[in-house]
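Here is the structure we will look at.
The values are calculated or read from the model by the stated rules, or taken from the named source; none is laboratory data. Keep in mind that what you see is a predicted model, and the values were worked out from it rather than measured. Counting neighbours? That spans all protein chains shown, and the Cβs are built from the backbone with ideal geometry, glycine included.
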Amino acid sequence: MSAPIVIGHRGASGYVPEHTLASYFLAMQYGADYVEPDLVMTRDGVLVARHENEIGGTTDVAAHPQFASRRTRRSIDGTEVEGWFTEDFTLAELKTLRARERIPEVRPANARFDGHFEVPTLEEILALVQGVERTRAQRALQLGVAAPPRIGIYPETKHPSHFAARGLAMEAPLVATLGRFGYAGAAAPIWLQSFEVGNLRELAAMTELPRVQLIEESGAPYDLVLAREAHTYADLIRPQGLEGIARYAHAIGPSKALIIPRDATEALARPTTLVADAHAAGLKVHPWTFRAENRFLPREFRRGTGAQEHGDLRGEILRFLDAGIDGFFTDQPDVGVAAVAAWLPAGGRG
């Protein structure tokens, strides 16, 4: 079996603002196997990378008086959200904005980069990834050593039902863009992920690229809510539900709490059977999200007293690797790479 993959969550978002070319580049320099862009749509149908389609918290849009009138309220997956939304901006307009750190109260050091980076398109991210790959291959050729493995991309379609209802369906533009960059077939270094089911089913009918069903701790896929179907995420991770997922996807991306929950003291409890159940259905398991700050860590891996301080992220990852996961999302891919390297010689999969 292959080594677990390290997925740079929104790049190396623990060190620079998420979903910027700098973040993706840093993740690749740290050795991430995959970089992960969340994708949303512009008014003119371009796929861009933002955590959400509401961009008030991740860009400086509020400082642009020409866009003040576009602040609005909108229902996103059943939740009322106020702010500015990518579907109200052309790509040219978005390019006048600059990225900001999304959680400066936890990552104040990242805020020093506020105002420096653009909102990148999917095409720009793919060009960056392939540019780094070419540079590495050329260096390997010069040194007379084997070429390094390709760098993968792990894009998520955000709120696909919302965009489809506004005439901005994501599936065809996504597959077409990836095809222009040579991503085709089941062996391509890519995973397509979504919290919705119908989106993945549509993609399965359009492409052989590997697909991942994301799983929340509670609730249900929003497209199933819209269709008034009774299936919840809890139903999807039962053995019968996992068998159903295996008919249109190749992996699940569950919240890590569904693999090892926390007890009443916030310490890790015993693992559930989810990894074994998913593997029995032929699915790989890539949980999210591993972060170094004490605010996000289980109690036994926290160090110091501040929520911003970094604890023992490597220790937490090792516990999950021992539980049998096939990869994981992390904001600090350097720590993730080091954890996998430490785990493999200790008897893990090689």
Output for region 39-53, where each listed residue is in a loop (DSSP other than H, G, I, E, B) and touching a Ser or Thr at 6+ places or on another chain (Cβ under 7 Å): 42, 43, 44, 46, 50, 51, 53
- line: If we ask which residues in region 159-192 are over 23 Å from residue 215 (Cα atoms), touching a Leu at 6+ places or on another chain (Cβ under 8 Å) and in contact (Cβ under 8 Å) with a residue 60 or more places away in the chain, their number turns out to be 2
message: Show me the helices (runs of 4 or more DSSP H) found entirely inside region 109-187 where at least 1 residues are more than 27 Å from residue 328 (Cα to Cα) and polar (S, T, N, Q).
response: 122-143
query: Which one of the conditions (1) among the charged types (D, E, K, R); (2) buried (at least 16 other Cβ atoms within 10 Å of the Cβ); (3) in a helix (DSSP H, G or I); (4) touching a Ser or Thr at 6+ places or on another chain (Cβ under 9 Å) does residue 102 fail to meet, given that it meets all the rest?
result: (3)
field: Count of region 22-33 residues which are of a type in the set (A, V, I, L, M, F, W, C) and surrounded by 21 or more Cβ atoms within 10 Å (Cβ to Cβ)
entry: 4
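Regarding residue 56, is this residue in contact (Cβ under 8 Å) with a residue 12 or more places away in the chain, surrounded by fewer than 17 Cβ atoms within 10 Å (Cβ to Cβ), outside any strand (DSSP E or B) and touching a helix residue (DSSP H, G or I) at 6+ places or on another chain (Cβ under 9 Å)?
So residue 56 fits the description; yes.
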- request: Among the residues of region 85-104, count how many are among the hydrophobic types (A, V, I, L, M, F, W, C), touching a residue at least 40 places away in the same chain (Cβ under 8 Å) and touching a Lys or Arg at 6+ places or on another chain (Cβ under 8 Å).
  value: 1
query: Which is touching a helix residue (DSSP H, G or I) at 6+ places or on another chain (Cβ under 7 Å) and buried (at least 18 other Cβ atoms within 10 Å of the Cβ), of 120, 148?
result: 120
- prompt: Is there a residue being touching a Ser or Thr at 6+ places or on another chain (Cβ under 9 Å), crowded, with 18+ Cβ neighbours inside 10 Å, at pLDDT 95 or above and part of a loop (DSSP other than H, G, I, E, B) anywhere in region 71-87?
  reply: yes
task: Determine which member of the set 180, 201 is basic (Lys, Arg) and in contact with a Phe, Trp or Tyr (Cβ under 7 Å, 6 or more places away or on another chain).
output: 201
message: I'd like to check something: does region 5-26 contain any residue that is more than 17 Å from the chain's Cα centre (by Cα) and either aliphatic (A, V, I, L, M) or part of a loop (DSSP other than H, G, I, E, B) (or both)?
response: no
message: Against the definition (closer than 26 Å to residue 195 by Cα and without any contact (Cβ under 8 Å) to a residue 40 or more places away in the chain), how does residue 291 come out, yes or no?
response: no
